[in-house]
Amino acid sequence: MRSMGKTRRMLSVGLCAVAMAAATAAPAKAEGAAPAVDRPGAAGTPGWSLKDTGTDVRLRGLAPVSRKTAWVAGSKGTVLRTTDGGRSWLDVSPPGAEALEFRDVEAFDARRAVVLAIGEGEASRVLRTEDGGASWTESFRNTDARAFYDCITFFDSRNGLAMSDPVDGKYRILSTGDGGRSWEVLPDAGMES
């Protein structure tokens, strides 16, 4: 039991570490107001500058891919993408997703990304795009009214996890091995909260 507790803490720390790495590498701040404040550094050093995303929704998910490309996701089913380092943002939100609250986004490049919608029951969903947000496919919809998925991470372009708040005292973990095209609920033995 002690070993599983350590594993759970490591999983939680691992998911937080991924989020922290993304936030510190990000070209723009995703939480709160749409613009990010830049403070130009000395020549050749990184700096920050104010960038307008063109939206006033609350942005919560951030996935920097490169110096030029990043994805953000947030309330009202919003997904934005930049391919010019944040100078401009394109609204690539899934059609009909206005009622969804996107908490997390994981991107692999300028064309492929996965977003996680949060909420109880069927509000928790995973959607995926392979064409820069021109079209989206729902690859997971939660069918357990007690589950509430609230974070997602990928270890590479194929393998990822999504985690729910505990159900009946046990964490609920989803797994994908095909880049988010399909998901399975992992066994919960030893996943006590």
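The values are calculated or read from the model by the stated rules, or taken from the named source; none is laboratory data. All of these numbers come straight from a predicted model, not from anything done at the bench. Here the Cβ positions follow ideal geometry from the backbone for every residue, glycine too, while neighbour counts run over all protein chains shown. Side chains included, ligands, DNA and RNA excluded: accessible areas come from the protein's heavy atoms. Shrake-Rupley method; radii C 1.70, N 1.55, O 1.52, S 1.80 Å.
Couple of notes before you dig in:
- Consider region 160-175 and keep the residues that are charged (D, E, K, R) and out of contact with any Gly (no Cβ under 9 Å at 6 or more places or on another chain). The one that is surrounded by the most Cβ atoms within 10 Å (Cβ to Cβ) is R172.
- Of all residues making up region 132-146, the number that are of a type outside the set (A, V, I, L, M, F, W, C), open to solvent by 50 Å² or more (accessible area, probe 1.4 Å) and outside any strand (DSSP E or B): 3
- Considering residues of region 45-65 that are of a type in the set (S, T, Y) and more than 26 Å from R125 (Cα to Cα) only, the residue surrounded by the fewest Cβ atoms within 10 Å (Cβ to Cβ): T45
- Only one of the numbered conditions (1) under 16 Å from F102 (Cα atoms); (2) modelled with pLDDT of 95 or more is violated by G179, and that is (1).
- Residue in region 101-122 that is assigned to a helix (DSSP H, G or I), among the charged types (D, E, K, R) and either modelled with pLDDT under 95 or open to solvent by 10 Å² or more (accessible area, probe 1.4 Å) (or both) present: yes
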